[in-house]
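Before any comments, here is the structure.
Read-outs: derived from the displayed coordinates by stated rules, not from any lab. Quick caveat: nothing in here was measured; it's all calculated off a predicted structure. Because the Cβ atoms are built from the backbone with ideal geometry, glycine has one as well, and the counts that use them run over all protein chains shown.
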Amino acid sequence: MTLPALDLDLDVFSGPFDLLLALVLREEIDLLELELADVVLAYLDHLEGRGELDLETATEFIVLIAALLELKSRLMLAEDEQELLDVEPGEAAEELLERMLLARRFRSASRYLQELFAREAGVRFRNAPPPAHLRKAMPAPAAGSEQPQALGEAIGRLLRMPPTINLRHISLQRVTVAERLAHLRGLLRRGRFSFDEAVRDADRMTVAVTVFALLELYKRGEAWWEQDESFGEIAVHAVASAPVAGAVASAG
Amino acid sequence: MSQEQERELEPSADGSAVAVESAPELDELACTVEALLFLASDPLTPQELADAAGVQEAEAKAALEAVAERHAPGASGIQLRELAGGYTFATGPESEEAAKRLFSRPRAATLTPAQAETLAIVAYLQPVSRPEITRIRGVSADSAASTLLERGLIEESGRSQFGAVMYRTTTQFLKLFGMNAIDELPDVAQWDPTPEEQAQLRERLLRAGEARTGGGPAPAGE
Amino acid sequence: MSQEQERELEPSADGSAVAVESAPELDELACTVEALLFLASDPLTPQELADAAGVQEAEAKAALEAVAERHAPGASGIQLRELAGGYTFATGPESEEAAKRLFSRPRAATLTPAQAETLAIVAYLQPVSRPEITRIRGVSADSAASTLLERGLIEESGRSQFGAVMYRTTTQFLKLFGMNAIDELPDVAQWDPTPEEQAQLRERLLRAGEARTGGGPAPAGE
């Protein structure tokens, strides 16, 4: 299977949903075929080319990869695991579409604001304090003009605990690529294992993250794998000469 | 007044004479209005001007017209603008080069895309909380929101029922973006894709969701 | 230019004609000088004006004369003054009464939501440090605290063991809120969402504040 060449056009990229939208809009890219490692590599090349790290863009990029990971992991689950999903694929697509459209809407609105701002370039306002003799005319607020109750109410609002955080995202953070890499490397010492074995009893997020760990092993030349048929067993083999050491730090 | 009538009655063929007449003397009330606009840091409404000058609103409006005529672009370096629900003096692009040299700094830093996007969300959805902005953008808006706060383009407006700080735009925002009121912003839905495009998008996403061929990790045999 | 020369060569005996001519159109340089004088809060010398406008000092002086003529007492509410070797715009005594009325109008809401919240934290927890206020609020309190300091509602009261400035409320604060002593602050219990909690108010506020910020940017889709 050949992967579509990715030209991420990262100079104009400034937000994950926008890029996601652009990717989905490219008919030729099936999210299932999109290798996230390639996206990362393209981005790293881009960074190298620029010779500087733009922290803001980098942060957005990391969030983008996380969003893609979540989406792709949903798509990759086999049919019989559908009941485990808390969101149906149709619903997931709807939700994603809505969020992409919303992000795009305000991205466009922001361009309009930039135009307004540019049109007003060169307009300045006076910013000087009023002369002293006029400042004296400003009345001081009268004694007792504020209510002590307002202070108590403010403290009451500040005491309120925020609603508990959505657990789905905690599960997202619980599994790291680094952990799954260590797990796969352990199995690889045997020379060969099946993917099913590697994700036995694992939840769907772990399965998805394990896939990325596997991709990472392939990229590093530590392992290769084969699958005889769709939904068939995936056999993973160690590459003899692979440097098994070298941990991936914080890949998750 | 008499000058205006004169000009109306007898439009001079002599260009230079007309030019002299087009900068009319201001009467006492107009002078006062001019002074008040100079002193105030925020735009003033005709009613506020009238209250301060001790006249009727209609008189203040007439005085404003005279001031506007004298402070029209091209006629004066100080121009009358209707902004943020009132009137205020401002300088124009003609003097920007000189102002930049004098104050040795540009008028205002540009907005980064993240700041502009955060500002757009606040402008259209105000009051809106930071988590909501983050949800819409898909990335954290913390640093952008802090900068916008510092620059006085947005401000806090209380807390949501979940305790998150809410934001709204400021008078400064209206002034710097040349708007009179926030409802001058065009309908935000105008930038949405057409229903056809949306349907296409939906279909593609669904197709991606339903695709099961090669359901496992694609052996990356490029 | 030609107008000025004409006037100089042939000073008219006709008063009304002079009045019309005494508000001449400003040329581009004079407009720029007018704009710079408007923007600057301190007096500007002819040399500074010349440097900013990119002209010779003599040209700036000539432009200043045109500006002075337009902004003479009686001709405009904004008058040109020579002060400390420089020039500055100021309003005249004619508009003094109106200006006083403008500035003495009662102002709406004296405390912004951020200020009220910051003040409440200082009032109930004093002494309290700025970082603590920020942790409780979940967003920066710097600008609110600065305004409260400026208005004399809070003041510094030593430093914490970590070197952070601590704040407490002032007598001015008590006056504004109509209290005789700080122990007249209402009991928070009546607004407490979970009055059964036993922990100290400070500890509870810090815990809620940290829960609100969640220790970092909210993940997309929260």
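Counting only other chain Cβ atoms within 10 Å of each residue's Cβ, the peptide A:132-138 averages 4. Sorted from shortest to longest, the distances between the C:E94 label points of this copy and the other copies are 2.4 nm, with each point 7 Å from Cα along the line through the beta carbon.
Placing a label point 7 Å from Cα along the Cα-to-Cβ axis, C:V165 is separated from the same position in the other copies by 1.8 nm, shortest listed first. Rounded to 0.05, the FRET efficiency of the B:D183 and C:D183 pair, given R0 = 51 Å and the Cβ-Cβ distance, is 0.60.
When the listed pairs B:K175/C:K175; B:K61/C:K175; A:K136/B:K175; B:K61/B:K175 are checked against a 30 Å cut-off, the alpha-carbon distance exceeds it for B:K175/C:K175; B:K61/C:K175. Quick one: label points 7 angstrom along Cα→Cβ at C:Q190, distances to the other copies in nm, smallest first? Counterpart label points of C:Q190 in the remaining copies fall at 5.1 nm. Within the same chain, lysines fewer than 8 places from A:K219 are excluded, and of the rest, those with a Cα less than 30 Å from its Cα are A:K72.
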